[in-house]
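Structure first, commentary second.
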Amino acid sequence: MKVLVTGGTGYIGSHTTVELLANGHEVIIVDNLDNSSKIVLDRIEKITGKRPDFIEGDVLDTDFIVRVLKDNRVDAVIHFAALKAVGESVADPLRYYQTNVGGTVSVCKAMLATGVNKIIFSSSATVYGDQPIPYTESTPREPQNPYGRTKFVSELVLADVAAANPDFCAVALRYFNPVGAHPSGEIGEDPNGIPNNLMPYISQVAAGQREKLSVYGNDYPTKDGTAIRDYIHVADLAEGHLAALQKIYDPGFHTFNLGAGHGESVLEVIVAFEQATGQTIPYQFADRRAGDLAEYYADAALAESQLGWRVKRTITDASADAWHWQSGNPNGYKNVV
Ligand code: NAD
Ligand code: UFG
């Protein structure tokens with residue numbers, strides 16, 4: 001298949017592009033490089049021996065996306081391009097609605113205009129909000145912040161477009177907590193400034209770039225008092241996209257949780273990282289982070305039964321791969337010549 005990957009130079013998009021190329025698909029990446037680097041293309045080529053086509057541009061520019069779809073005879077779209085910082089979405093909700101919801105609307109318009117009928121969309125476990133665990137796909141959606149609401153609204157847009165267009169097939173993949181990097185150490189997560197997320201922060205502590213980790217909250221009602229999440233290796237996530245691309249053909253709107261189906265506490269992640277890498281992670285307990293939930297993880301049974309997909313890698317694998325990436329690329333893709 002010829003696949004348009006929006007946001008394909010980003011963290012999850014680059015790993016998925018590797019998986020697509022390795023499985024014989026052709027990839028055209030569209031990215032405005034707002035949160036990524038073109039160096040990723042060299043790294044993808046190094047891993048796979050194939051260079052994806054790349055066109056710099058904005059998904060909000062519908063005419064541009066129409067041209068890309070037409071000129072390249074695209075069969076399907078995987079739509080990663082979005083903004084993803086929860087705190088930023090609280091401070092500047094319009095930017096998030098514009099890019100995330102507006103981007104989804106724009107990509108769908110371009111697809112309808114060109115007869116491209118299949119889209120796989122990056123959604124998030126954050127659409128569920130504070131609900132009983134484990135989350136199944138039918139757990140009510142009550143996202144707690146503007147970022148989560150942009151994902152929820154984007155899903156509604158896709159469901160409505162699918163309802164109005166009998167050939168349209170939309171698959172929303174609700175990712176739990178993506179972590180890790182490609183085992184080659186060539187591509188990985190490259191946050192700007194101080195990482196918000198746990199695994200990149202731990203990696204930078206291990207590399208000596210940050211003094212110690214703050215563990216946000218040790219008074220949650222969990223086994224060790226720290227919060228529990230369902231961490232999923234980014235390579236497993238990439239395989240989930242391939243499965244959705246190859247297995248789901250029925251028109252309509254489909255959703256799948258992509259998670260491991262169990263959770264780890266922050267302290268368990270620290271121990272796994274230390275064991276996988278031989279590094280010591282100094283940490284201190286700090287106040288809970290506003291908006292964080294105590295515990296959630298996926299019921300991933302639907303993805304297993306319908307996509308034939310389940311995670312293969314552990315948090316220890318993810319830690320080893322994150323460290324391989326971090327130690328080989330201390331500045332991420334920055335200052336690479
Ligand atoms: P990322 O920031 O690394 O990748 C997103 C890419 O989209 C970047 O390369 C960025 O430059 C590009 N982009 C942003 N706005 C654009 C626009 N208007 N036009 C074209 N390109 C644009 O993020 P990621 O972690 O790879 O996330 C990919 C997707 O998965 C996003 O939709 C995100 O919301 C979703 N998601 C991520 C996580 C996570 O924890 N990383 C969890 C759940 C869902
Ligand atoms: N944490 C720390 N210290 C840190 C960073 C994080 O203790 O320096 C804790 C958090 O409090 C939380 C856990 O580690 O308990 C995981 O935090 P992350 O920031 O890595 O991930 P979140 O679960 O908060 O959210 C992530 C993405 C969201 C996405 C969500 C989907 O950031 O975009 O997963 O489940 F929506």
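Of the set (1) farther than 25 Å from Val179 by Cβ; (2) in contact with a helix residue (DSSP H, G or I) (Cβ under 8 Å, 6 or more places away or on another chain), all apply to Gly102 but (2). Set side by side, the residues Asn196, Asn177 differ, and just one is closer than 21 Å to Val18 by Cβ, open to solvent by 10 Å² or more (accessible area, probe 1.4 Å) and within 12 Å of ligand 1 (Cβ to nearest atom), which is Asn177.
Looking across Gln144, Gln131, one residue alone is within 24 Å of Pro178 (Cα to Cα) and either aromatic (Phe, Trp, Tyr) or within 16 Å of ligand 1 (Cβ to nearest atom) (or both). It is Gln144.
Scan the stretch 134-148 residue by residue and report those that are surrounded by 19 or more Cβ atoms within 10 Å (Cβ to Cβ) and in contact (Cβ under 8 Å) with a residue 40 or more places away in the chain. Selection gives Pro134, Tyr135, Pro146, Tyr147, Gly148.
Just one of (1) near ligand 2 (Cβ under 10 Å from one of its atoms); (2) farther than 22 Å from Lys38 by Cα; (3) surrounded by 23 or more Cβ atoms within 10 Å (Cβ to Cβ) fails for Arg210. It is (3). In this structure, Ala82 qualifies as open to solvent by less than 50 Å² (accessible area, probe 1.4 Å) and closer than 21 Å to Tyr147 by Cα.
The listed residues are Ala76, Ala81, Ala85, and the only one of them that is within 14 Å of ligand 1 (Cβ to nearest atom), of a type outside the set (Phe, Trp, Tyr) and closer than 17 Å to Val171 by Cα turns out to be Ala81. Please find, within the stretch 13-56, the residue that is nearest to ligand 1 (Cβ to nearest atom) out of those that are in contact with a strand residue (DSSP E or B) (Cβ under 6 Å, 6 or more places away or on another chain) and in contact (Cβ under 8 Å) with a residue 60 or more places away in the chain. Restricting to residues being in contact with a strand residue (DSSP E or B) (Cβ under 6 Å, 6 or more places away or on another chain) and in contact (Cβ under 8 Å) with a residue 60 or more places away in the chain, the top hit is Gly13. Evaluation of Leu60 against the conditions (1) touching an Asp or Glu at 6+ places or on another chain (Cβ under 8 Å); (2) without any contact (Cβ under 8 Å) to a residue 60 or more places away in the chain shows that the sole unmet condition is (1). Cβ separations smaller than 7 Å between residues 6+ apart or across chains give the following pairs from the stretch 213-226 residues that are open to solvent by 10 Å² or more (accessible area, probe 1.4 Å) to residues that are within 16 Å of ligand 1 (Cβ to nearest atom) and assigned to a loop (DSSP other than H, G, I, E, B): Tyr216/Arg289; Tyr216/Asp292; Tyr220/Ala227.
Scanning the stretch 56-72 for any residue that is among the small types (Gly, Ala, Ser), open to solvent by 10 Å² or more (accessible area, probe 1.4 Å), part of a loop (DSSP other than H, G, I, E, B) and over 20 Å from Ser106 (Cα atoms) turns up nothing. Could you tell me whether any residue of the stretch 109-132 is of a type in the set (Gly, Ala, Ser), in a helix (DSSP H, G or I) and more than 16 Å from ligand 2 (Cβ to nearest atom)? The answer is yes; a qualifying residue exists. Taking the listed residues Gly87, Gly115, the one that is open to solvent by 20 Å² or more (accessible area, probe 1.4 Å), out of contact with any helix residue (DSSP H, G or I) (no Cβ under 8 Å at 6 or more places or on another chain) and in contact (Cβ under 8 Å) with a residue 24 or more places away in the chain is Gly87, with no other qualifying.
Only one entry in Tyr231, Tyr220 is hydroxyl-bearing (Ser, Thr, Tyr) and farther than 19 Å from Ala276 by Cβ, namely Tyr220.
Checking the stated criteria, Ile232 turns out not to satisfy the condition of being in contact (Cβ under 8 Å) with a residue 40 or more places away in the chain, surrounded by 23 or more Cβ atoms within 10 Å (Cβ to Cβ) and more than 10 Å from ligand 2 (Cβ to nearest atom).
Yes or no, residue by residue, for (1) crowded, with 16+ Cβ neighbours inside 10 Å; (2) within 16 Å of ligand 1 (Cβ to nearest atom); (3) over 21 Å from Tyr201 (Cα atoms); (4) modelled with pLDDT under 95:
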site: Ala243; (1), (2), (3), (4): yes, no, yes, no
site: Ile248; (1), (2), (3), (4): yes, no, yes, yes
site: His262; (1), (2), (3), (4): no, no, yes, no
site: Thr280; (1), (2), (3), (4): no, no, no, no
site: Gln284; (1), (2), (3), (4): no, no, no, no
site: Ala294; (1), (2), (3), (4): yes, no, no, no
site: Asp321; (1), (2), (3), (4): yes, yes, no, no
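The values are calculated or read from the model by the stated rules, or taken from the named source; none is laboratory data. Note that the structure is a prediction, hence the values are computed from the model and not measured. Heads up, the Cβs are rebuilt from the backbone with ideal geometry, glycines too, and the neighbour counts pull from every protein chain shown. Keep in mind that these areas ignore ligands, DNA and RNA; they rest on the heavy atoms of the full protein, side chains included. Shrake-Rupley method; radii C 1.70, N 1.55, O 1.52, S 1.80 Å.
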